[in-house]
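Everything below concerns the one structure shown next.
The values are calculated or read from the model by the stated rules, or taken from the named source; none is laboratory data. What you are looking at is a predicted structure, and each value in this text was computed from that prediction instead of being measured. Every residue, glycine among them, receives a Cβ derived from its backbone with ideal geometry; neighbour counts consider all protein chains shown.
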Amino acid sequence: MDGGDPRRAEQWAVEQLDLPAIWPHASGVGVVVAVVDTGVDLDHPDLAGKLVAGIDLVDGDGRPDDSNGHGTHVAGIVAATTGNGVGVSGVAPGAKIMPVRVLGDDGVGDDATIAEGIDWAVANGADVVNLSLGMSGVVARLAKGGPLNPAIRRAEAAGVVVVAAAGNEGQTRRVYRLGVPVLVVNAVGSDGVVAEFSNVGDARAVAAPGVDILSTVPDGYDVLSGTSMAAPIVSGTVALLVGQGRSGPDSVDRLVATATNPSGDPALGAGMVDPKAALDL
């Protein structure tokens, strides 16, 4: 499935997670991942055929296009078209992307708009909600309470998985003591070591590649680093599990239970995601 993507060789995380061996068995077909972010380049050749209807909650013009680039990068990690002879491969090449624009061109947004975006995504058929909101500090906001927590609880009640980037301040923060049903994602490099910039602290968090990740950006491709890049790898993996017929909560439990942490490093939380083990392949 991946042979026709000319820049696949630059996607070290795809190889490390052995995703090409998974795609013949699970691709996320029928699963919708909401990218609640800066929007998505709606005309990108690696994404245009993967989009379902979205919304712009910032300008309210109904077109969730991306003038920042962050949301487009996240979307490509989740589900860039695979085997189309263009660019890169997505983690869940059969999944669809729902672009929900809640952050402005500067990458900043307020809690109420982000919460509205989560609610809109859930009401409009999302199976997974990805919150790669490093610049907006979503994990710090969860720790303080406010409108995000009830929105995430409503998503869980609807069976929707919410995945959130841990943030990039290199700090230790705890979220789960608040009982917020969000799967927090730490970032690691190709050596499996937690990136210096990655926040850590949740024992049930998982880790995923987040350093030097190649993906889509408006009018092209770029390499970025951050927990914002690690979170969509996990969202894509959840999409693979949901596409197998698992429920959202069961998919999260499976991811956490099969995560690997041979070093016992507490900074890894539950450990590195292992898609093959989670999918029982």
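When the test is whether a residue is free of Cβ contacts under 8 Å to residues at least 12 places away in the same chain and under 17 Å from the mean Cα position of the chain (by Cα), Asp253 passes it.
Being of a type in the set (D, E, K, R) and surrounded by 23 or more Cβ atoms within 10 Å (Cβ to Cβ) is the filter here; which residues of the stretch 234-281 pass it? It would help to see each step written out before you state the result.
Our first condition is that a residue be of a type in the set (D, E, K, R); within the stretch 234-281, this holds for 246, 250, 253-254, 265, 274, 276, 280.
Across the stretch 234-281, there are no qualifying residues.
Residues of the stretch 26-82 being assigned to a loop (DSSP other than H, G, I, E, B) and aliphatic (A, V, I, L, M), which ones? Please lay out each step first, then the result.
Just the residues of the stretch 26-82 that are assigned to a loop (DSSP other than H, G, I, E, B), to begin with: 26-31, 38-47, 52-54, 57-69, 80-82.
If the condition is that a residue be assigned to a loop (DSSP other than H, G, I, E, B) and aliphatic (A, V, I, L, M), then Ala26, Val29, Val31, Val40, Leu42, Leu47, Val52, Ala53, Leu57, Val58, Ala80 are the ones that fit.
Kindly evaluate Val91 against the criterion of being out of contact with any strand residue (DSSP E or B) (no Cβ under 8 Å at 6 or more places or on another chain), closer than 20 Å to Leu240 by Cβ and modelled with pLDDT of 95 or more.
On the way: out of contact with any strand residue (DSSP E or B) (no Cβ under 8 Å at 6 or more places or on another chain): yes; closer than 20 Å to Leu240 by Cβ: yes; modelled with pLDDT of 95 or more: yes.
For Val91, the condition - out of contact with any strand residue (DSSP E or B) (no Cβ under 8 Å at 6 or more places or on another chain), closer than 20 Å to Leu240 by Cβ and modelled with pLDDT of 95 or more - is met.
Output the residues belonging to the stretch 238-281 that are of a type in the set (A, V, I, L, M) and part of a loop (DSSP other than H, G, I, E, B). Matches in the stretch 238-281: Ala259, Ala270, Val273, Leu279, Leu281. The residue of the stretch 82-106 that is surrounded by the fewest Cβ atoms within 10 Å (Cβ to Cβ), among those that are within 17 Å of Ile213 (Cβ to Cβ) and within 17 Å of the chain's Cα centre (by Cα), is Val88.
Quickly run through the stretch 91-124 and pick out the residues that are part of a loop (DSSP other than H, G, I, E, B), touching a residue at least 60 places away in the same chain (Cβ under 8 Å) and within 25 Å of Glu156 (Cα to Cα). Those that are part of a loop (DSSP other than H, G, I, E, B), touching a residue at least 60 places away in the same chain (Cβ under 8 Å) and within 25 Å of Glu156 (Cα to Cα): Val91, Ala92, Pro93, Gly94, Ala95, Val102, Leu103, Asn124.
Taking each residue of the stretch 37-52 that is at pLDDT 95 or above and β-branched (Val, Ile, Thr) and looking for partners that are part of a loop (DSSP other than H, G, I, E, B) and surrounded by 24 or more Cβ atoms within 10 Å (Cβ to Cβ) with beta-carbon atoms closer than 6 Å, six or more apart or interchain, yields Thr38/Asp66; Thr38/Leu103; Val40/Asp66.
Could you tell me which of the residues Ile77, Ile97, Ile114 is aliphatic (A, V, I, L, M) and farther than 19 Å from Pro45 by Cβ? Step through it out loud before you land on a result.
On the way: Ile77 fails: farther than 19 Å from Pro45 by Cβ; Ile97 fails: farther than 19 Å from Pro45 by Cβ.
Sole residue among the options that is aliphatic (A, V, I, L, M) and farther than 19 Å from Pro45 by Cβ: Ile114.
For the stretch 112-126, a residue qualifies if it is among the aliphatic types (A, V, I, L, M), under 17 Å from Lys96 (Cβ atoms) and surrounded by fewer than 19 Cβ atoms within 10 Å (Cβ to Cβ), and exactly one does: Ala123. For the stretch 199-225, a residue qualifies if it is surrounded by fewer than 24 Cβ atoms within 10 Å (Cβ to Cβ), assigned to a loop (DSSP other than H, G, I, E, B) and modelled with pLDDT of 95 or more, and the qualifying residues are Val211, Asp212, Pro218, Ser225.
Being over 24 Å from Gly4 (Cα atoms), at pLDDT 95 or above and either in contact with a Lys or Arg (Cβ under 6 Å, 6 or more places away or on another chain) or among the polar types (S, T, N, Q) (or both): is that true of Thr72 here? Even if it seems obvious, please write down each step before you answer.
Working: over 24 Å from Gly4 (Cα atoms): no; at pLDDT 95 or above: yes; either in contact with a Lys or Arg (Cβ under 6 Å, 6 or more places away or on another chain) or among the polar types (S, T, N, Q) (or both): yes.
No: the conditions fail for Thr72.
Among the numbered conditions (1) in contact with a Phe, Trp or Tyr (Cβ under 8 Å, 6 or more places away or on another chain); (2) surrounded by fewer than 20 Cβ atoms within 10 Å (Cβ to Cβ), the only one that Gly62 does not meet is (1).
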